[in-house]
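Each remark here refers to the structure printed beneath this line.
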Amino acid sequence: MKLFDGHNDILNKINHSDDPKNTRAFLEGGEGHLDFPRAIKAGFAGGFFAVYTSDPPSVPPIEERKFLTDVGYSFTLSPPLNYDYAHQTALSMIDLLFRIENDSSGKFQVVLTSQELENCLEKEIMAAILHLEGAEPILPSLENLPIFYEKGMRSLGITWSRPNAFGHGVPFLYPGSPDTGPGLTREGKNLIKTCNELGILIDLAHLNEKGFWDTADLSTAPLVSSHTAAHGLIPKPRNLTDKQLKAVAETNGVVGIIFSINDLDGGPRPIKDAPISSIIKHIRYIADLIGPEHVAFGSDLDGTLIPSGLGDVSGFPKLIDLLIEDGFSQAELEGICYQNWLRVVKETWKS
Ligand SMILES: [Zn+2]
């Protein structure tokens, strides 16, 4: 079974290593969740590769910003990023992605059109979609948005879990609603319109609820949240409520299910592990609520803590077995594994 995945953080992982230009860490195999040899073995045909700017060294690490409450826990929100810092980081990670392509002897391609994506899936070339997670590298005037498009960006997450010039990301906390603050700014609304015009996929992951509804009102493209889970099962602001999930389905959009244990299975206190079946539970919940044609994978490999039973990208076939066991038909399975992503990308991109 071919697999197409909605989110991974391998670029950020390499960018934070001792050798941030080292493409072998991916192409020849490395540590962590995702590399080319293990991915190919598991049927991983491609996915969205995130260009994400983490907090600068001046910000205390997130683990030091956790506090427990009577009913759960909360992490202090990351502060806004400086434009120059975010812009420089994004450029070096985009450079890294194309270095991987360049060093891959034709086995890995950053796809710019749906035709290229389909060709890659057919010819078993790993397909990467350049995804910007958080719009901080984009100027509020949007004057450099076309430059990022030219560089290959075809997918944009408006926010990570922090505020920026365009909108407000949700904090990591339990329990909590995604309705955590104001909606999109004027610049954020312009960003939606311009992404629609250019054919850039807009990702609602990490965005707060008012921003979600502003996007739903404005956008002409299918709604997408690339890595999230069901709020109806785990009430965290990062997860989508039933009402939000139904809105995604109404636009023929898709939700990628994250493998993050604390979004899938966590309770009032952060947990260290969860069974693989917790991923299936969220897929089943969303499939029953809005239809299996609106659910897919959005692993967040190398960006989060995943079930130890899954281990890394090699665990994908176990998930497929569990989906079959859970009663999904072959057609539904193919949708979840790659066709739902393919449909939404084709419908969103201009070419
Ligand atoms: Zn994320």
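The values are calculated or read from the model by the stated rules, or taken from the named source; none is laboratory data. Quick caveat: nothing in here was measured; it's all calculated off a predicted structure. Neighbour counts run over all protein chains shown; Cβ positions are idealised from the backbone, glycine included. Note: accessible area is taken over every heavy atom of the protein model, side chains too, but ligands, DNA and RNA are not part of it. Shrake-Rupley method; radii C 1.70, N 1.55, O 1.52, S 1.80 Å.
The lysines whose alpha-carbon is closer than 16 Å to the alpha-carbon of Lys246, local same-chain residues fewer than 8 away aside, are Lys210. Which shape class, rounded, prolate or oblate, goes with segment 1-152 when its Cα gyration tensor gives a ≥ b ≥ c as root eigenvalues, a/c under 1.5 marks rounded, and past that a/b bigger than b/c marks prolate? It is prolate, given that a/c is not under 1.5 and a/b is the larger ratio. The Cα center of segment 179-221 and the Cα center of segment 19-90 differ in position by 23 Å. Simple spin-label estimate for Ser92 and Lys107 gives 2.7 nm between the two label positions (7 Å along the Cα-to-Cβ direction from each Cα). Phi-derived couplings, Karplus 6.51 cos²θ - 1.76 cosθ + 1.60 at θ = phi - 60°, listed residue by residue for segment 29-42: x, x, 8, x, 8, 9, 8, 4, x, 5, 4, 4, 4, 8 Hz, with x used for Gly and Pro.
Amide H contacts of Ser226 (H built 1.01 Å from N, in plane; Pro and chain starts excluded): Leu204, Ala205, Gly256 sit under 5 Å, all sequence-distant by 5 or more or on other chains.
Pull out a ≥ b ≥ c, the square roots of the eigenvalues of the alpha-carbon gyration tensor of segment 209-340, then state rounded if a/c is under 1.5, prolate if not and a/b is larger than b/c, and oblate in the remaining case. Here segment 209-340 falls in the oblate category.
Solvent-accessible surface (1.4 Å probe) assigned to Glu28 amounts to roughly 130 Å². Using amide H atoms built 1.01 Å from N in the peptide plane, name the residues 5+ places from Tyr52, or on other chains, whose amide H lies under 5 Å from its own. For Tyr52, the qualifying residues are Asn12, Glu133.
Using only the Cα atoms of the chain, build the gyration tensor, take square roots of its eigenvalues as a ≥ b ≥ c, and label the shape rounded, prolate or oblate: rounded if a/c is under 1.5, else prolate if a/b is larger than b/c, else oblate.
Here the chain falls in the rounded category.
Dividing the helix sum by the residues of the chain, where each DSSP H run of 4 or more adds -39500 (n - 2.57), gives a mean residue ellipticity at 222 nm of -10500 deg cm²/dmol. Given a cut-off of 21 Å, name the pairs among Lys189/Lys236; Lys41/Lys107; Lys41/Lys123 whose C-alpha atoms lie farther apart than that in the structure shown. Correct reply: Lys189/Lys236. A cut-off of 5 Å between modelled amide H atoms, ignoring neighbours fewer than 5 places along the same chain, links Phe108 with Met126. Pairs of Lys residues in segment 259-351 are counted when their Cα atoms are under 29 angstrom apart and they lie 8 or more places apart or on different chains; the count is 5.
Roughly what % antiparallel, to the nearest 5, for the DSSP beta bridges in the chain? Percent antiparallel among DSSP bridges in the chain is about 20.
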